[in-house]
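Here the structure comes first, spelled out in structure tokens, and everything after it is commentary.
Every read-out reported here was derived from the displayed coordinates using simple, explicitly stated rules and does not represent laboratory data. These numbers come from a predicted model, not from an experiment. Please note: Cβ atoms are built from the backbone with ideal geometry, for glycine as well, and neighbour counts cover all protein chains shown.
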Amino acid sequence: MKSAVLVFPGINRERDMARALRLASGHEPAMVWHAETSLPSGTDIVVVPGGFSYGDYLRCGAIAARAPVMDAVRSFAAGGGLVLGVCNGFQILCEAGLLPGVLMRNAGLKFICHDVHLRVERSDTPFTRGYNAGQVIRVPVAHGEGNYEADDETLKRLEGEGRVLYRYCSAQGTVDKPSNINGAAHSIAGIVNEAGNVLGMMPHPENHVEHVMGCTDGRGLFAGLAAHLERAA
Amino acid sequence: MKARVTVTLKSGILDPQGKAIEGALKSLGVDGVASVRQGKVFDIELSGSDQAKAEATLKAAADKLLANTVIENYRVEVLS
């Protein structure tokens, strides 16, 4: 698995992400600066990490979404390449038009930084094959703007096409109001695009991949990606 | 030329910041506030003096960057 991690000014989770990718694949990810106009040849997956690109100025992810490297990411995605965006990365992918909808201010207006439970909605995708459908995983979140919103038509399509891959839930796997930490529509924590090759999610699976982190529930996502790409190769 | 782009949330989009401001105004005793929606104002200095061209430039700026048209509306004005 040859991965490329995008680096924008103000991003701060790129090293956590690189570590998780290295752990899962055994390969050193390429760190790609935002001003680049192409991706390293042979890239299997592009990862847009979390942080606060451009200080969240204008709207979260808005300026990063228009960086030169994003044109290369757009054509990579159009060709079926896998793209993963986490936290600010999810916001950037929405702003770039690679995913529908928008991440609004958390309904409670507070920055939320703690572990949450996610229900994995299906296991037959490159982004979830390391898990079982219905499995509950525990991963951290750290965001002020993670409240996913889209118009009714878009939400209906996302649900109808099974494109919600991760949903906030209780420890028992119940999707309810108290577990919907930021007020997201349909408790959405992560969605894929129509073609199923671009995932955006607010929680940080890369921060739960080693025992020293207290939990390894995030490993499945990266292990699943590595397995998917090995099989494809 | 001086110009202004005003970006506002579309109606029906939940605005938690506006709601918080509305609550704060009420607790300050500012009477008669029914609701508050928060938006953004961009004051832009344009080179050139062609009104139609200026409006096209502002529209392009709003569409490409200043507004997220999924959730926001915008209005462009050439002020002078």
Which aspartates and glutamates does A:LYS2 reach when only Cα atoms under 18 Å apart count, and residues fewer than 8 places away in its own chain are ignored? A:GLU14, A:ASP16, A:GLU28, A:GLU36, A:ASP44, A:GLU206, A:GLU230
A:GLY183 long-range amide H proximity, modeled H, under 5 Å: A:ALA107
Report the one residue of A:LEU58, A:MET213, A:TYR148 whose Cα lies farthest in the direction of the positive end of the charge dipole of the protein assembly as shown (charges on C-beta: Lys and Arg +1, Asp and Glu -1; origin at the Cα centre). A:MET213
Quick one: order B:GLU55, A:GLU206, A:GLU149, A:GLU121 by neighbouring beta-carbon count within 10 Å, fewest to most. B:GLU55, A:GLU149, A:GLU121, A:GLU206
Where does helix B:51-61 land angle-wise versus the long Cα axis of chain B, in degrees 0 to 90, nearest 10? 60 degrees
Which order results if B:THR69, A:THR128, B:THR57, A:THR216 are arranged by neighbouring Cβ count within 10 Å, fewest first? B:THR69, A:THR216, B:THR57, A:THR128
Arrange the following residues from fewest to most other Cβ atoms within 10 Å of their Cβ: A:PHE8, A:PHE90, A:PHE111, A:PHE52. A:PHE111, A:PHE52, A:PHE8, A:PHE90
Per the charge dipole of the stretch B:2-78 (beta-carbon charges, Lys/Arg positive, Asp/Glu negative, Cα centre), the residue among B:GLN17, B:VAL30, B:GLY48 reaching farthest to the positive end is B:GLN17
What is the dipole size for the protein assembly as shown, taken about its Cα centre, with +1 at each Lys and Arg Cβ and -1 at each Asp and Glu Cβ, in debye to the nearest 20? 200 debye
In nanometres, what is the gap between the two model label sites at B:LEU46 and A:ARG157, each 7 Å from Cα along Cα-to-Cβ? 3.3 nm
Can you compute the charge dipole magnitude of chain B about its Cα centre, using +1 on each Lys and Arg Cβ and -1 on each Asp and Glu Cβ, nothing else charged? Give it in debye, rounded to the nearest 20. 120 debye
Over chain B, the sum of -39500 (n - 2.57) across DSSP H runs of at least four, divided by residue number and rounded to 500 deg cm²/dmol, gives at 222 nm -9000 deg cm²/dmol
Using only the Cα atoms of chain A, build the gyration tensor, take square roots of its eigenvalues as a ≥ b ≥ c, and label the shape rounded, prolate or oblate: rounded if a/c is under 1.5, else prolate if a/b is larger than b/c, else oblate. rounded
Below 8 Å, C-alpha to C-alpha, sequence gap of six or more: please give me the relative contact order for chain B in percent. 54 percent
Scattering from the C-alpha atoms of the stretch A:137-226 alone, worked out with Debye: what is log10 I(q)/I(0) at q = 0.13, 0.19, 0.20, 0.22 1/Å? -0.46, -0.96, -1.05, -1.21
Putting +1 on Lys and Arg Cβ atoms and -1 on Asp and Glu Cβ atoms, find which of B:LEU79, B:ALA67, B:ALA3 reaches farthest to the positive end of the dipole of chain B. B:ALA67
Gyration tensor (alpha-carbon) shape descriptor, the stretch B:2-78, a/c threshold 1.5: prolate
Given charges of +1 on the Cβ of Lys and Arg and -1 on the Cβ of Asp and Glu, with all other atoms neutral, how large is the dipole of the stretch A:44-145 about its Cα centre, in debye to the nearest 20? 180 debye
Could you pull out every residue, at least 5 positions away or on a different chain, whose amide H is within less than 5 Å of the one on B:GLU72? Hs are placed 1.01 Å off N in the peptide plane, and Pro or chain starts have none. B:LYS10
Restricting to bridges with both residues inside the stretch A:3-232, how much of the DSSP beta-bridge set is antiparallel, in percent to the nearest 5? 60 percent
